[in-house]
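Asks: One structure follows; several queries about it will come next.
Read-outs throughout are calculated quantities, based only on the coordinates presented, and are distinct from any laboratory measurement. No experiment lies behind these values; they were computed from the predicted model shown. Backbone-built Cβ (ideal geometry, glycine too); neighbour counts: all protein chains shown.
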Amino acid sequence: MTERNLRFGVFHAPFHAMSENPTLMLQRDLELLEYLDKLGWHEAWIGEHHSAGMEIIASPEIFIAAAAERTKHMRLGTGVVSLPYHHPLMVADRMMMLDHLTRGRTMFGIGPGALVPDAAMMGMSASEQRPRMEQSMSVILRLLAGETVTEKTDWFEINGGRLQLAPYTRPRMEMAVACAISPSGPRAAGMFGINMLSLAAGAQAGFDRLADHWDICQQVGAEHGHKIEREGWRLLQMMHVAETREKAIEDVRFGLGTFLDYFDEAATFPVIPPDGPKDLDERIQWMIETEIAVIGTPDDAIARMEKLWEKSGGYGTQMLWSHNWADWTETKRSYELITRYVFPHFQGSTALRWASYNWVAKNHDKFTGAGQQAVKEMTDKHKAERAAKKTKAAE
């Protein structure tokens, strides 16, 4: 990709402190999407989680239905539906309904399920999740294509299953699969001909694998007769910006500690290695230095995204984790600053303005002289006309 017109979105798990009112937080989640929609953000991906207390949206489909009524422009995706937890006919039916309710603004993100305790509560081992995702997806794609499906596996059975609705989005809604470190995500993307959500792109291990993941996706895609375009690839980065780096650091002291505690104590993939720093300020500096997060200015965000672009070879959408590191006011301020200063850098939206400005500046003396000459000519003309009228009146 040589042309850049990056879209921007959020990956909204969400992460809410255990001490806060969950009802209020769910309303805040909706308010955030309304705010981003007004700013001109392009999309939001909504998570599905069932344990550990902080990621409290259990049904991305229900949340999307509510958010669609409050937004006008942004696209709304499941980020993701954990396919092993659901019968594939029910998933396909719900997504087709959302496609109609949102008039084509729905995107279908899939994954095996990120939290091992979620699967454990359903009597499922972690090793079963990825194979079950692939089994479910093969059926869902056929259903979305209008086929009648009969299939039996060791965990679901479908007998002459079919959907009642044809798609609103033709030939079907956009689909994407969650990718982290292992090759299972890019493999699934190539197998099914869908896009990638690279959720670990900000971490060093995920960053290092970006080019490999793209190659895997392309190779497996070619084997299955699919071509996946870079414009559909989404990379995730943790980020909070302010007017200065010092201000950004001060902002994230509000909630970053709680976020990191969650990944240390509950989630199965820590953000900071167990042998890493323990003091919050040291952790902030470690995150900045390793670039696992941008905690700084819009210029810092641009610099990190340039590295993501170069390492990946180009992608279509920059996603940010919706992480609640800062309080509500400063969180909104961060998104506003990104919209004002980071969007234009990657979208070329100020290029013609700068070209016009530079052309005028280059010819400033000429244009100024022409303007002054025009004023002088008009002044002289007016004086001459007034003098002529006085002479005529005197006669």
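Asks: Give K38/K366; K332/K362; K247/K307; K247/K366 a once-over and call out the pairs whose C-alpha atoms are over 32 Å from each other.
Replies: K38/K366; K332/K362; K247/K366
Asks: Can I ask one more? Show me the trypsin sites (Lys or Arg not before Pro) within the range 232-314 that DSSP assigns to loop and that have at most 16 other Cβ atoms within 10 Å of their Cβ. Working shown, then result.
Replies: Working: sites: R234, R245, K247, R253, K278, R283, R304, K307, K311; in loops: R253, K278.
Of the trypsin sites (Lys or Arg not before Pro), the ones in loops of the range 232-314 whose Cβ has at most 16 other Cβ atoms within 10 Å are R253, K278.
Asks: With only alpha-carbon atoms counted, please give the Rg and Dmax of the range 266-336, in Å.
Replies: In order Rg, Dmax, the Cα atoms of the range 266-336 give 13.9, 36 Å.
Asks: So, one more: Order of W309, W354 from fewest to most other C-beta atoms within 10 Å?
Replies: W354, W309
Asks: In which sequence would V375, V10 go, from the one with the fewest C-beta neighbours within 10 Å to the one with the most? Intermediate values should be presented prior to the final figure.
Replies: Numbers: V375 10, V10 24.
In order of increasing Cβ crowding within 10 Å: V375, V10.
Asks: Report the residue, chosen from A205, A293, A92, that carries the largest GNM mean-square fluctuation when the chain is represented by alpha-carbon nodes joined by springs under 10 Å.
Replies: A205
Asks: Another question about this same structure. Just the projected area, averaged over all directions, of the convex hull on the alpha carbon atoms of the range 24-85: how many nm²? Kindly include the intermediate steps, with their values, before the conclusion.
Replies: On the way: hull surface 16.9 nm².
Taking a quarter of the hull surface, the average projection is 4.2 nm².
Asks: Only four residue types carry charge here, +1 at the Cβ of Lys and Arg and -1 at the Cβ of Asp and Glu. Report the dipole size of the range 354-394 about the Cα centre in Debye, rounded to the nearest 20.
Replies: Using Cβ point charges on Lys, Arg, Asp and Glu, the range 354-394 gives about 300 debye.
Asks: May I pose another question? Which one, E55, E377, E310, has the greatest fluctuation when you compute a Gaussian network model over the chain with C-alpha springs under 10 angstrom?
Replies: Greatest mean-square fluctuation among the candidates belongs to E377.
Asks: Among all the aspartates and glutamates, which ones have a C-alpha under 20 Å from K72's C-alpha, if same-chain residues fewer than 8 places away are not counted?
Replies: Filter leaves D29, E31, E34, D37, E43, E61, D99, E174, E336.
Asks: Also, quick follow-up: What is the set of long-range amide H partners of A176 at a cut-off below 5 Å, with H atoms built 1.01 Å from backbone N?
Replies: Long-range HN contacts for A176: F108, G109, I110, N195.
Asks: Which of G113, H42, M378 sits farthest toward the positive end of the charge dipole of the chain, with +1 on the Cβ of Lys and Arg and -1 on the Cβ of Asp and Glu?
Replies: The residue sitting farthest along the positive end of the dipole is M378.
Asks: Using the Karplus curve 6.51 cos²θ - 1.76 cosθ + 1.60 with θ = phi - 60°, work out ³J(HN,Hα) for each residue of the range 240-254 in order, rounded to whole Hz, and write x for Gly and Pro.
Replies: 9, 10, 8, 5, 9, 5, 4, 5, 4, 4, 4, 4, 7, 4, 4
Asks: Regarding the range 345-395, what whole-number volume in Å³ per residue does the convex hull of its Cα atoms give?
Replies: Each residue corresponds to 63 Å³ of Cα convex hull volume.
Asks: Let me ask another. Tell me, what ³J(HN,Hα) does each residue in the range 213-228 have, in order and in whole Hz, if you take phi through Karplus 6.51 cos²θ - 1.76 cosθ + 1.60 with θ = phi - 60° and put x for Gly and Pro?
Replies: Here the 3J(HN,Hα) series is 4, 5, 5, 4, 4, 5, 5, 5, x, 4, 5, 9, x, 10, 10, 9 Hz.
Asks: Cα-based Rg (one decimal) and Dmax (whole number) for the range 158-274, in Å?
Replies: 18.9, 61
Asks: With N denoting the number of residues in the range 27-144, provide Rg(C-alpha) divided by 2.2 N^0.38 Å, to two decimal places.
Replies: 1.08
Asks: Go through the range 264-281 residue by residue and turn each phi into a ³J(HN,Hα) via Karplus (6.51, -1.76, 1.60, θ = phi - 60°); whole Hz please, and just put x for glycine and proline.
Replies: 6, 9, 10, 5, 8, 9, x, 6, 10, x, x, 8, x, x, 10, 5, 4, 5
Asks: Additional query: Just to compare against my own numbers: the Cα pair-distance distribution for the chain, 10 Å bins, whole % per bin, please.
Replies: Bins of 10 Å from zero give 4, 20, 29, 22, 9, 5, 4, 3, 2, 1, 0, 0 percent of pairs.
Asks: While we're looking at this one, here's another question. For a quick check: sort F108, F343, F156, F63 by the number of other beta carbons within 10 angstrom, fewest at the front.
Replies: F156, F343, F63, F108
Asks: Among A66, A119, A248, which one moves the most in a GNM of the chain with springs linking Cα atoms closer than 10 Å?
Replies: Taking springs between Cα atoms under 10 Å, the residue moving most is A66.
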